[in-house]
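Q: Shown below is the structure under consideration.
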Amino acid sequence: MRRPNPWPRWRRVRQAVQIVAFILFVYLLFAALQRRIAFPLADLFFRFDPLSALGAMVSSREWLPRLAPALITVGVTLALGRIWCGWICPFGTLLEWLSVPRANRRARELSPHWREVKYLILAAALIGALFGSMALLVLDPLALLTRTMTTVLLPGLNHALTALFSVLYPVPPFQGVIGGLEGLLRGPVLPVQQPVFAGNALIALIFVTIVGLNALAGRFWCRYLCPLGALLALISRVSLLRPIIGDACTRCGRCSNVCGVGAIQTGDNFRIVPAECTVCLDCLAACQEAGIGFRPALGRPRGWPAPPEAYDPTRRRLLAALGAGVAGVVVMRTGAGARRPDPALIRPPGAQDEAEFLSRCLRCSQCMKVCPTSGLQPTFLEGGVEAFWTPRLVPRLGYCNYGCHACGQVCPSGAIPPLDLATKRQAVLGVAVIDRNRCLPWAHGTPCIVCEEMCPVSPKAIRLEEVAVIDARGEAAVVQQPHMVSDRCIGCGICEYQCPVEGDAAIEVRRSGS
């Protein structure tokens, strides 16, 4: 009598772990947003990301203890294979859920040589890191997902719910329910102030494109493009737990049809490619003959370490990727934006050494996520191509809160130092400059002291001087004109944010030294 197949139960365990990991990722996103957890937990997933850890440590030439837990992921991969990809990674889980189901995956499988792309991306990213550039870390899957949720999904959800509540609240039967939901969600879950992010349309487009590629092959990103998957695939070639096809296999192809990442090769060379296997257990659950399984690689058995694959990058292509990485760094660092950054390129507190900041920043958007005013925004080309999607303060959209130091607490790589609040309050981000041609008291003789009132430092960085002027109506008036005391200014930007002048503010923060 045939023994019952135990693997469907283990597959359900794997699916449960995926759900728990994804819920934890989303929970940490919201909890950090509302300061409801200790900050060391807010970047938990990034701490276990080997690509972020390797890139940041190589680029900064420094051991970063905060990213040391990534060694656990490496150890688990050496023991069990790409468990991270099949069980933990929230981006991979989301792409698995969003994959287009079809009866025969083999009919839509792309050329195996597509798989070398992720290795070439990894090579270019690491050679860039070797030269101190983290630009290609924008493609880390955790950074991609966090950036998308921070700048697109959360603001969109907040806006949609606000619009829905405003439509339904005037309807008497819904007032009690809407009021209760508003009190339940606003603050504990959703921000009180609608967050806005510049350039989020491009971030949304990239995310939609990655999801849309699933129509070509399930988990297209994971199969062909993910640099973290490539790194773990290289490690898993020597993992101790090996997927094997046994003598009971009838070559029916069920396992290949259900494999979400196409790790099972069919035809004359019917086998499982260890580097591509994410240990999802779908193949074992589908097999009716017990012809497939996992076996420890003890005593250096045949096939261990895994042999090279036909799609492995050739030496020529690998050298081309390395050359592209070097050329990319050279091009980025010889552009005008790299030599003379935009005066409005204001970095977060404690991150004023631009070269050091760029060598550590993961482009993960963790800091933007926790900024209570949405003042931290993705950089576009203000600092050159190398600074793309790094955080910068845009005071017209949001200021650096004098009582907040969250960005440094959640930064996984230390690109933004974890300053205590007292030290952060002394950190100089830039210096405010008054445009007397736009300032109401200076240009129009209109009374206004908003900037001085808002300045949080003591003594204030803006002093008022009472003068007699002719106002816009041609009448004599006495107004208080603001003057900067630059050596007191910390560049927090609240003066620029609160300035009542339409369009560009009459007082603007400029990068220190610009």
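Read-outs throughout are calculated quantities, based only on the coordinates presented, and are distinct from any laboratory measurement. Please read all numbers here as calculations on a predicted model, not as lab measurements. With ideal geometry, Cβ positions are generated from the backbone for all residues, glycine too; neighbour counts draw on all protein chains shown.
Q: Any lysines with Cα under 26 Å of the residue 460 Cα? List them, leaving off those in the same chain fewer than 8 positions away.
A: 424
Q: Cβ neighbours within 10 Å, averaged per peptide: list 140-150, 440-450 in order, most packed at the top. Let's see the in-between values first.
A: Numbers: 140-150: 24.1, 440-450: 17.9.
So the order, starting with the most tightly packed, is 140-150, 440-450.
Q: Let me ask you something else. Pop the C-beta distance of residue 421 and residue 182 into the FRET formula with R0 = 41 Å and round what comes out to the nearest 0.05.
A: Numbers: r = 31 Å, r/R0 = 0.75.
It comes to 0.85.
Q: Using Cα pairs under 8 angstrom and six or more residues apart, how large is the relative contact order of the chain, in percent?
A: On the way: 931 pairs, mean separation 88.1, N = 514.
Rounded, it is 17 percent for the chain.
Q: Using a basic spin-label model with each label point 7 Å from the Cα along Cα→Cβ, how many nm lie between residue 204 and residue 294?
A: So the two model labels end up 4.0 nm from each other.
Q: Which whole-Hz ³J(HN,Hα) couplings does the stretch 357-370 yield from phi under the Karplus relation 6.51 cos²θ - 1.76 cosθ + 1.60, θ = phi - 60°, glycine and proline marked x?
A: Working through the residues one at a time gives 4, 5, 6, 10, 5, 8, 6, 8, 6, 4, 5, 5, 4, 9 Hz.
Q: Sum -39500 (n - 2.57) across every DSSP H segment of at least 4 residues in the chain, then divide by the residue count to get the 222 nm mean residue ellipticity, nearest 500. All intermediate terms of the calculation are to be shown ahead of the outcome.
A: Values: 22 runs with 204 residues, N = 514.
Result for the chain, helices only: -11500 deg cm²/dmol.
Q: Next question, about the same structure. Taking the Cα centre as origin and putting +1 on Lys and Arg beta-carbons and -1 on Asp and Glu beta-carbons, what dipole magnitude results for the stretch 428-514, to the nearest 20 debye? Don't skip to the end; give the middle numbers.
A: Numbers: 8 positive and 12 negative charges, 53 e Å.
Magnitude of the dipole: close to 260 debye.
Q: Excluding residue 389 itself, what net charge comes from residues whose Cβ is under 9 Å from its Cβ, given Lys and Arg +1 and Asp and Glu -1?
A: Numbers: positive: 147, 363; negative: none.
For residues surrounding residue 389, the net value is +2.
Q: Suppose R0 equals 56 Å; then what is the FRET efficiency for residue 192 and residue 13 from their Cβ-Cβ distance, rounded to the nearest 0.05? Could the numbers behind the result be given before it?
A: On the way: r = 40 Å, r/R0 = 0.71.
Plugging the Cβ-Cβ distance into 1/(1 + (r/R0)^6) gives 0.90.
Q: In degrees between 0 and 90, to the nearest 10, how far off the longest principal axis of the chain does helix 227-236 point, with axes built from Cα atoms?
A: Value to nearest ten degrees: 40.
Q: Work out the FRET efficiency for residue 27 and residue 449 from their Cβ-Cβ distance, taking R0 = 60 Å, and round it to the nearest 0.05.
A: Working: r = 44 Å, r/R0 = 0.73.
Efficiency computed from Cβ-Cβ geometry: 0.85.
Q: How about residue 118: which lysines have a C-alpha closer than 30 Å to its C-alpha, ignoring those fewer than 8 places off in the same chain?
A: Filter leaves 369.
Q: Further question on the same structure: Sorting check: for 380-391, 234-245, which peptide has the highest mean count of neighbouring beta carbons within 10 Å, and how do the rest follow? Can you show the working numbers first?
A: Details: 380-391: 21.3, 234-245: 18.7.
Per-residue mean Cβ counts within 10 Å order the peptides as 380-391, 234-245.
Q: Now for a different question. What ranking do 468-478, 363-373 get when scored by the average of other Cβ atoms within 10 Å per residue, highest first? Kindly include the intermediate steps, with their values, before the conclusion.
A: Values: 468-478: 11.2, 363-373: 24.8.
The densest-packed peptide leads the list: 363-373, 468-478.
Q: Let me ask you something else. Helix 315-333 versus the longest principal axis of the chain: what angle, 0 to 90°, nearest 10, using Cα atoms?
A: 0
Q: Round to the nearest 10 and give me the degree value, 0 to 90, for the angle of helix 50-60's Cα axis relative to the longest principal axis of the chain.
A: Its long axis makes an angle of about 50 degrees.
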